[in-house]
Amino acid sequence: MSDYPFFFTWSAQNAAKPLELVGGEGAWFTTADGGRWLDLGALSYQVNVGHGNRRIVEAIKRQADTLCLAAPNAVFPAKLELARRLLALAGPGFAKVFFTLGGAEANENALKIARLVTGRLKNIARYRSYHGASMGALSLTGDWRRAPVEPGLPGVIHVQDCYCDRCPFGQRVETCRRECATNIGDVMQLEGPRSVAAVFLEPVPGANGVLVPPPEYWPLVRAACDAEGALLVADEVLTGFGRTGRAFGFQHWNVVPDMITVAKGLASGYGTIGAVIVHERIAQHFDERVLACGLTYYAHPLACAAAVETLKVYEDERMFERAAQLGPTLRRELDAIAARLATTTFARSLGLLGALEIEAPAAAWTALGRELSARRLSLHVDGKRGTAIFSPPLCITEDELVTGMRAFGEAAVAAFGAK
Ligand SMILES: Cc1ncc(COP(=O)(O)O)c(C=O)c1O
């Protein structure tokens, strides 16, 4: 047994890789051994605003000095301002916010709201998805993390992905009929007309490989949901708050979901907070009916203060626009690495969210891990599924991004070999 008196997540405890974090600034974090790491992964996709942001730290201190804790039904300025800002970011038609402590709970509550509103028991999600680790959210999740705790919530149906590089329908994106989207309508019919409460989709499946959908995908799914009276939930926990170059990922495709679930970038990790942003047409259901959802730490004042200041920093420093501007640089560097490697490699990206899918044996991925540590580069690498995912803080400079991506390229060549 390891010496640590706590569990590490998602790992056999003896194989866990501790990270002794002591601080950070901007796109960099530091470890107890004095190491300075370039953070190309925003520490699990959360630190969109960057490390060591003094404005947010000071806002939390001010909140602690005035109102440090609250009851779930409390009303105070940071809670009001946060809800108003979230509704404004979501766009016309969004009317209410339900606060949570993180992303899984946001999806958990969206599941409940969908059931309460529609009275239906089934939900659709995709195989290459992650929606959180609590039982309901994990039942929606399609990836490897679901299997160890199955059976989960009954009535979750998984469908194939918008995975253009390896189309599950055997098509090519140039000539396909967007079967990945139309299939969702077909599955709803086969499951029994008007039996699906909601379809849960990450606008761009993130941790499962940055599967950027074709532009027609979201509008087609929206139409299928409308035809069946099913709700559409955009899980923006990873893609929200500028990650893809817009406030929310769905805003690339001119559709309006019924609910948006958020966390991570909401307070950029400076506070533990998530939310469900609910469209008016759903919210009004609860005007006279009980919303059977609640949490003791609902809208915790310290988390609300952290989130409000985070949203102000995004706005003042035009960080969503920065992500959009830096997107082509990230893409150019990804393409350059893919062209250099000896193995089949796919590059995908939207804004400051990118992936390289590299066909290579496990030993080469282990070698990549060693090369990245030696270069003090931090990012999400999943050798079992053959992907490296890039999601740097949105404050990263172009120089830092290029330097980091080129260093990754050298590490990848050392691990996988050059053409
Ligand atoms: C798309 C998506 N949804 C939900 C979650 C779960 O969020 P949390 O870990 O805050 O519960 C994650 C976390 O990685 C995620 O990427």
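Counting alpha carbon pairs within less than 8 Å and at least 6 residues apart, what relative contact order, in whole percent, applies to the chain? Please list the in-between numbers first.
Working: 844 pairs, mean separation 90.3, N = 419.
The value is 22 percent.
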Fill in: Cα gyration tensor category, rounded, prolate or oblate, for region 138-295 with a/c compared to 1.5
rounded
Worksheet item: In sequence order, what are the phi-derived ³J(HN,Hα) couplings for region 363-372 according to the Karplus relation 6.51 cos²θ - 1.76 cosθ + 1.60 with θ = phi - 60°, rounded to whole Hz, with x for glycine and proline?
Response: 4, 5, 5, 5, 4, 4, x, 5, 5, 5
Discussion item. Positive end of the dipole of the chain, charges at C-beta (+1 Lys, Arg; -1 Asp, Glu), about the Cα centre: which of Pro205, Gly192, Leu116 has its Cα farthest in that direction?
Written reply: Gly192
Worksheet item: Which is farthest toward the positive dipole end of region 300-419 among Val381, Gln325, Val308, measuring Cα position about the Cα centre, with Cβ charges +1 (Lys, Arg) and -1 (Asp, Glu)?
Response: Val381
Practice prompt. Under 17 Å Cα to Cα from Lys419, which aspartates and glutamates show up? Leave out anything in the same chain fewer than 8 places away.
Written response: Glu333, Asp335, Glu357, Glu359, Glu410
Response to the item:
Residues meeting the amide H criterion for Leu231 (H placed from the backbone, H to H distance under 5 Å, 5 or more places apart or on another chain) are Ala198, Val199
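Tally Lys/Arg at +1 and Asp/Glu at -1 over every other residue whose Cβ is under 15 Å from the Cβ of Arg406; what's the total? All intermediate terms of the calculation are to be shown ahead of the outcome.
Numbers: positive: Arg331, Arg332, Arg340, Arg375, Arg376; negative: Glu333, Asp335, Glu371, Glu398, Asp399, Glu400, Glu410.
Neighbourhood net charge equals -2.
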Worksheet item: For Ser129, which sequence-distant residues (separation of 5 or more, or a different chain) have an amide H within less than 5 Å of its own amide H, given hydrogens modelled in the peptide plane?
Response: Gly142, Asp143
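Cβ under 15 Å from Arg289's Cβ, Arg289 left aside: what net charge do those residues give with Lys, Arg +1 and Asp, Glu -1? Can you show the working numbers first?
Details: positive: Lys96, Lys112, Arg115, Arg281; negative: Asp287, Glu288.
Result for the local shell: +2.
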Practice prompt. Work out from phi, with θ = phi - 60° and the Karplus expression 6.51 cos²θ - 1.76 cosθ + 1.60, the ³J(HN,Hα) of each residue of region 273-286, listed in order in whole Hz, and give x for Gly and Pro.
Written response: 8, x, 6, 10, 9, 10, 5, 3, 5, 8, 4, 5, 4, 9
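Loop-only check: which trypsin sites (Lys or Arg not before Pro) in region 81-175 are DSSP coil with at most 10 other Cβ within 10 angstrom?
Counting only loop positions with at most 10 other Cβ atoms within 10 Å, the trypsin sites (Lys or Arg not before Pro) in region 81-175 are Arg172.
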Practice prompt. Work from the charge dipole of the chain (Cβ charges, +1 for Lys and Arg, -1 for Asp and Glu, about the Cα centre) and give the residue of Pro392, Thr366, Leu291 farthest towards its positive end.
Written response: Leu291
Worksheet, complete the sentence: Computed over the chain, protein heavy atoms only, probe 1.4 angstrom, the accessible area per residue in square angstrom equals 43
Worksheet item: Which aspartates and glutamates have a Cα lying under 17 Å from the Cα of Lys312, excluding residues fewer than 8 positions away in the same chain?
Response: Glu58, Glu81, Glu321
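Nothing charged except the Cβ atoms of Lys and Arg (+1) and of Asp and Glu (-1): what's the magnitude of the dipole of region 366-419 about its Cα centre? Round to the nearest 20 debye. Before the final figure, lay out the partial values.
Numbers: 7 positive and 6 negative charges, 62 e Å.
Charge dipole, region 366-419, about its Cα centre: 300 debye, nearest 20.
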Item to complete: Using only Cα atoms, locate the centre of region 251-321 and the centre of region 132-189, then give the distance between them in Å, rounded to an integer.
Response: 25
Discussion item. Along its three principal axes, how long is region 165-223 when you only count alpha carbons? Whole Å, largest extent first please.
Written reply: 32, 26, 18
Worksheet entry | Free-standing Cys, the chain [no other Cys Cβ under 4.7 Å] | Cys68, Cys164, Cys167, Cys176, Cys225, Cys293, Cys304, Cys395
Item to complete: Just the number, please: carbon plus sulfur as a percent of the accessible area of the chain, 1.4 Å probe, no ligands or DNA/RNA counted.
Response: 55
Worksheet, complete the sentence: The Kirkwood hydrodynamic radius of region 1-62, taken as the inverse of the mean 1/r over all distinct Cα pairs, in Å, comes to 13.5
Discussion item. Suppose every Lys and Arg Cβ carries +1 and every Asp and Glu Cβ carries -1, with no other charges. What dipole size does region 55-96 come out with about its Cα centre, to the nearest 20 debye?
Written reply: 100
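The values are calculated or read from the model by the stated rules, or taken from the named source; none is laboratory data. Just so we're clear, the structure is a prediction, and the values are computed from it rather than from any experiment. Quick reminder, even Gly has a Cβ in these numbers, built from the backbone with ideal geometry, and neighbours come from all protein chains shown. Note: areas computed on protein heavy atoms with side chains; ligands, DNA, RNA excluded. Shrake-Rupley method; radii C 1.70, N 1.55, O 1.52, S 1.80 Å.
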